[in-house]
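For reference, the structure is listed below as structure tokens.
The values are calculated or read from the model by the stated rules, or taken from the named source; none is laboratory data. Bear in mind that the values here come from a model prediction, so they are computed numbers and not experimental data. Heads up, the Cβs are rebuilt from the backbone with ideal geometry, glycines too, and the neighbour counts pull from every protein chain shown.
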């Protein structure tokens, strides 16, 4: 089949809303992986290194406040941009399909915003620039994520979800590499911008899908559009339980990683906590890649999702308990590996599960955008919980125990999902 506006041999569903039945090929999957690598490199390179360097250059005495200002406003933008971009991509009638224009547009916006950051003359421009990076990256991510249930049959989604998760993890590491190779934030932003734009090119060729017929697009009204972001857990209970599971597991993971530097410094007594965090992050990332790539196809083969999600939540909780009761450097190394193993499988299999409980094929972008709030909101909630726990309610032992309990709740609630095994 030849897709409209695409290349011969591309496999697409017969209708824009049809459940896909043909397996996607290596070219399409590689395009999705590269987009995930590029988005995460452009996001985490600044977040891990460049924004801090720039904040210090603007105001060394108040660098923490400057960084918090930029990242706080950026996080707020991400909570809104992802579901809105997904919802508008659902309604897009371009000849390139519904998702490609938003991947391209998001990447171009983030590219321009990263260049703006590189030349930002003030803190205000820095904050605006980072908000625009968040808007662009989240817009592109919403669209490429929605393309998976658009194009990938159910029994291939574990494999593709695992490879996409691998791309995300590689992007996080690669972003840090780009930032460090640059030797300064100006060149670092430029490196990240160019890499992001290059990373979407294959998807622009391979990612085209069936265009949406304008006659099938409902009339637009702001009231109905905004109301659509509320998905009733009574009407769609499986979607509600899946959202809660993802939120809880991500919150447990965020609590685990939030104060890792201070934990190594104050509780473990590591002589170089920054180097320690880097090593733990490397071990964690390696295990995420391995289990994401292995766990996703395994769940496809046996046609089961919930046992893998439960096992991954229990594994993540185990890592937290290790850190709670044995606060030594060797145990921290083991816990990082265990956490990565659990989270990698969770990323792959839970994504496949989520695509099977979406309320409507016509609203996949919007619904997955709502799901993505469960990924980003824990980054906002975790500091509000962690600070009082560490300072007043039992220190790091209590923090890691809380992380374990919250992760295990995710395992409990996934059992309530009925339409997926």
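Every test in (1) modelled with pLDDT of 95 or more; (2) more than 17 Å from the chain's Cα centre (by Cα); (3) crowded, with 24+ Cβ neighbours inside 10 Å; (4) under 30 Å from residue 211 (Cα atoms) is passed by residue 151 save one, and that test is (1).
If you take the residues in segment 394-414 that are touching a residue at least 40 places away in the same chain (Cβ under 8 Å) and out of contact with any helix residue (DSSP H, G or I) (no Cβ under 7 Å at 6 or more places or on another chain), which one is surrounded by the fewest Cβ atoms within 10 Å (Cβ to Cβ)? My answer is 405. Every listed requirement among (1) surrounded by 19 or more Cβ atoms within 10 Å (Cβ to Cβ); (2) closer than 30 Å to residue 92 by Cα is met by residue 419 save one, (1).
Kindly indicate whether residue 104 is free of Cβ contacts under 8 Å to residues at least 24 places away in the same chain, within 18 Å of residue 194 (Cα to Cα) and in the same structural domain as residue 43 (by TED's automatic domain parsing). No. For segment 351-372, give me each residue that is surrounded by fewer than 19 Cβ atoms within 10 Å (Cβ to Cβ) and in contact (Cβ under 8 Å) with a residue 12 or more places away in the chain. Matches in segment 351-372: 356, 359, 361, 362. Among the residues making up segment 238-266, those that are surrounded by fewer than 19 Cβ atoms within 10 Å (Cβ to Cβ), over 20 Å from the mean Cα position of the chain (by Cα) and either in the same structural domain as residue 169 (by TED's automatic domain parsing) or modelled with pLDDT of 80 or more (or both) are 265, 266. For segment 70-86, a residue qualifies if it is farther than 25 Å from residue 366 by Cβ and modelled with pLDDT of 85 or more, and exactly one does: 70.
Condition check for residue 271 on (1) over 27 Å from residue 373 (Cα atoms); (2) assigned to a helix (DSSP H, G or I); (3) not assigned by TED's automatic domain parsing to the domain that holds residue 44: one failure, at (2).
Kindly indicate which of 417, 373 is outside any helix (DSSP H, G or I) and either at negative phi or touching a helix residue (DSSP H, G or I) at 6+ places or on another chain (Cβ under 6 Å) (or both).
Only one candidate passes the filter, namely 417.
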